[in-house]
Structure formats: structure tokens, C-alpha cells
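Undergrad: Below is the structure I would like to discuss, written out as C-alpha cells.
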Amino acid sequence: MKPTPQAPFELVIVSGKGGTGKTTVSASFAALAGNAVIADCDVDASNMELLLSPTLRTKEDFTGGKQAVIDAALCTGCGRCARQCRFSAIHPAADAGRRRFAIEPSECEGCGVCVAVCPRKAVSMHPVVGGELFRSDTVFSPLVHARLKPGLGNSGKLTTLVRSRARQTAAECGRSLIIIDGPPGVGCPTIASLTGASQVLAVTEPTLSGEHDLARILELCRQFHLPVQVCVNKADINPEATGRIRKLAENSCVTFAGEIPYDEAIAKATRKGKPIVSAQPDSPAAKAITALWDRFASGS
Ligand code: SF4
Ligand code: SF4
């Protein structure tokens with residue numbers, strides 16, 4: 001890896017879906033690197049903290065979107081906004097015999113149409129606190145993580161904010177490496193976690209769905225011209241599928257970085273709340289992940 005003084009090297013670890021071992025690899029890399037900044041971009045199901053036992057340092061609200069509110073005193077109850085709302089978020093409200101309307105916050109998508117159509121200027125848009133952003137310390141490195149409120153969107157925007165704070169933290173702490181635990185899938189949050197990455201590691205499993213999801217990740221990286229490598233977790237449970245994944249990587253002109261064997265030590269380490277390379281460094285999985293890390297650290 002060749003970091004520059006201006007921009008840290010950003011290694012993003014992704015998978016086509018959850019449960020492939022992506023966070024196991026990310027947390028182990030964080031432990032092995034020792035002098036990085038860790039960014040947990042899986043803001044819908046943040047779980048790096050379960051393996052890194054962070055001590056919270058700062059917390060801030062994330063205002064990721066807006067919602068409409070009707071001023072009851074100005075509303076004449078004409079119903080125009082309710083008829084135009086594509087999300088059916090505006091409903092008649094009981095108000096001492098006076099006809100008026102109110103907006104159900106959980107149904108409002110913040111499109112702003114109701115503001116535009118109200119003849120009384122009774123509707124206005126207001127920022128919504130959609131989650132929280134945290135900066136913590138761990139025994140390995142600073143951790144930037146976040147939590148999106150259930151049912152709220154904008155996870156891509158919060159992911160971008162986590163990365164931005166991680167870069168800021170790297171600059172403050174003089175760290176030249178950011179290890180990013182990306183969200184699962186290939187949606188907006190994953191794209192937000194990949195944009196501008198220095199290197200991507202795609203973690204998959206030797207199953208049909210693992211192959212399918214990996215193909216989608218590789219296509220995404222190809223579109224964004226990102227350097228990507230592939231590793232297979234639990235590779236020995238299905239050598240045939242692992243072989244096909246090697247072939248897929250080869251056909252996609254992507255480096256096959258290595259295999260991690262199935263190892264019950266991982267589950268035991270997770271129950272202890274530790275990365276496998278710290279909890280059981282001599283286990284087969286820890287050795288395989290350490291070899292993967294050595295490969296990245298040497299820039300090969
Ligand atoms: S368009 Fe304006 S005045 Fe009419 S129901 Fe909606 S908020 Fe009330
Ligand atoms: S902002 Fe859009 S979604 Fe929300 S209530 Fe108004 S029209 Fe409906």
C-alpha cells in the first residue's frame with residue numbers, strides 16, 4: 001500500500017449480502033493493522049462495535065432528510081395536499097369540528113409536493129434526525145460508526161458521512177489507512193462506501209447465492225473502475241463452488257486473494273466479542289486472515 005500524505009489509503013471490505021464473514025475479516029484487519037482508522041459503514045446493522053469493544057468519545061445527530069408539517073392554524077381543510085401526496089401520508093385530523101389535515105411522519109417521504117400545492121402556505125419542511133454518528137476509541141484504532149433509526153432512509157447519505165468523519169479522524173490522528181466495513185448488497189449505501197476507494201476486498205461464500213452476489217459486486221466495481229480482490233470464506237465446505245469463484249475472478253481479471261477455512265473458532269471469538277486474530281491467533285481461520293492481511297499490507 002502506498003498512502004500519500006494528503007489522502008489516506010481506503011480499503012473497503014464488502015460482500016454481496018450479509019453473513020458472509022465480511023465483518024470478521026474487517027475486525028481482524030483492524031486488529032492486525034493497529035495504526036488505522038476503522039469506519040463501520042454498515043449503518044443499517046452496525047456490528048463492528050460487537051467485536052471491537054469501543055469506548056464512546058463523541059456522538060452527533062444525523063439529520064439526513066426532511067419531513068413536511070402542516071400548521072393547523074393555517075390549514076383550511078381543502079384536502080388538496082392529501083390528494084396530491086403520492087405516499088398517502090396526509091390524513092384528515094379531528095379538530096373540534098373544524099376540518100383540517102395532518103401528516104403522519106412515518107409515511108412522509110419528504111418530496112415537498114404538499115408545500116408546493118397548498119394555497120394557504122400552511123405546509124413547511126423540517127429536518128429530521130435520522131440517526132446518530134459516533135466516534136469511539138478501541139484498543140486497536142479509532143472507530144467511526146453510526147446507527148440509522150429503524151424505518152428511515154438515507155443510509156447512503158449516512159454512509160458518506162461516516163467515511164467523511166473517518167478521513168477527518170485519520171488526518172487528526174496522522175493515520176494513513178482507513179479500513180472500511182462496507183454494507184451488504186449492491187445498493188446505494190454500498191455505492192457510497194465504495195466511491196473513491198483505494199482498494200476493495202470482496203468476501204464471499206462458496207454457495208450459488210454467494211457466486212451470484214459476488215458477480216454483482218464485481219460488476220459494480222468494474223463500473224466504478226475500482227481495484228478489487230476476492231476471498232472466499234468457509235472455502236472448504238464446498239471446494240467445487242470455491243473453484244468456480246476462482247474461475248469467476250480469473251475471467252473478470254480480478255485477483256483471487258485467498259481462502260478462509262470453516263473454523264468454529266470464529267464463532268467462539270465472536271461470542272467473546274473479539275476479532276479471531278486476537279482471540280485465537282493460531283486457529284486455521286486466523287492464520288488465513290493474517291495471510292490475507294500480509295498480502296494487502298505488502299501491496300501485492
Ligand atoms: S392544501 Fe393546505 S390548506 Fe389545504 S388541506 Fe392541505 S395543508 Fe390544509
Ligand atoms: S412531503 Fe411529500 S410525502 Fe411528505 S406529506 Fe408532503 S407530499 Fe406527502
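Computed from the coordinates by the stated procedures, all read-outs in this text should not be read as laboratory data. On a predicted model such as this, the values are computed, not experimentally measured, just so you know. Cβ atoms come from the backbone with ideal geometry, glycine included; neighbour counts cover every protein chain shown.
Undergrad: What order do you get for 193-200, 219-226, 171-178, 159-166 when each peptide is scored by the mean count of other beta carbon atoms within 10 Å, highest first?
TA: 159-166, 193-200, 171-178, 219-226
Undergrad: Right, another one. Anyone know which of Ala36, Ala82, Ala116 comes out most mobile in the 10 Å Cα GNM of the chain?
TA: Of the options given, Ala116 has the highest mean-square fluctuation.
Undergrad: Counting helices only, and only those DSSP H runs with n ≥ 4, report the 222 nm mean residue ellipticity of the chain as the sum of -39,500 (n - 2.57) divided by its residues, in deg cm²/dmol to the nearest 500.
TA: The helix-only estimate for the chain comes to -10500 deg cm²/dmol at 222 nm.
Undergrad: Mean separation of Cα pairs under 8 Å and 6+ residues apart, divided by the residue count of the chain: what relative contact order is that in percent?
TA: 27 percent
Undergrad: Under 4.7 Å Cβ to Cβ, no partner at all: give me those cysteines from the chain, in residue order.
TA: Cysteines of the chain left without a disulfide-compatible partner: Cys41, Cys75, Cys78, Cys85, Cys108, Cys111, Cys118, Cys173, Cys188, Cys221, Cys231, Cys253.
Undergrad: In the structure shown, do any of Lys17/Lys268; Lys22/Lys59; Lys59/Lys274; Lys22/Lys157 have a Cα-Cα gap over 31 Å, and if so which?
TA: none
Undergrad: While we're here: Please report, in debye to the nearest 20, how large the charge dipole of the chain is about its Cα centre when each Lys and Arg carries +1 at its beta carbon and each Asp and Glu carries -1 there.
TA: Rounded to the nearest 20 debye, it is 980 debye.
Undergrad: Compute the separation of the alpha-carbon centres of the stretch 121-187 and the stretch 246-300 and state it in Å as a whole number.
TA: 26 Å
Undergrad: Quick one: Karplus J couplings for the stretch 224-238, per residue in order, coefficients 6.51, -1.76, 1.60, θ = phi - 60°, nearest Hz, x for Gly and Pro?
TA: 9, 6, 9, x, 10, 10, 10, 9, 10, 8, 6, 4, 7, 6, 8
Undergrad: Looking at the chain only, what percent of DSSP beta bridges run antiparallel? Nearest 5 please.
TA: Taking every DSSP beta bridge with both residues in the chain, the antiparallel ones total about 50 percent.
Undergrad: Over all Cα pairs of the chain, how is the pair count split among 10 Å bins, expressed in % and running from 0 up to the last occupied bin?
TA: Pair shares across the bins are 6, 25, 28, 18, 11, 8, 3, 0.
Undergrad: How large is Rg/Rh for the stretch 64-129, to two decimals, with Cα atoms and a Kirkwood Rh?
TA: 0.94
Undergrad: Another question, then. Looking at the stretch 191-264, what % of the alpha carbon pairs are farther apart than 22 Å?
TA: Cα-Cα pairs of the stretch 191-264 separated by over 22 Å account for 19 percent.
Undergrad: As I understand it, the dipole of the chain uses +1 on the Cβ of Lys and Arg and -1 on the Cβ of Asp and Glu, about the Cα centre. Which of Ala116, Val139, Phe296 lies farthest toward its positive end?
TA: The listed residue farthest towards the positive side: Ala116.
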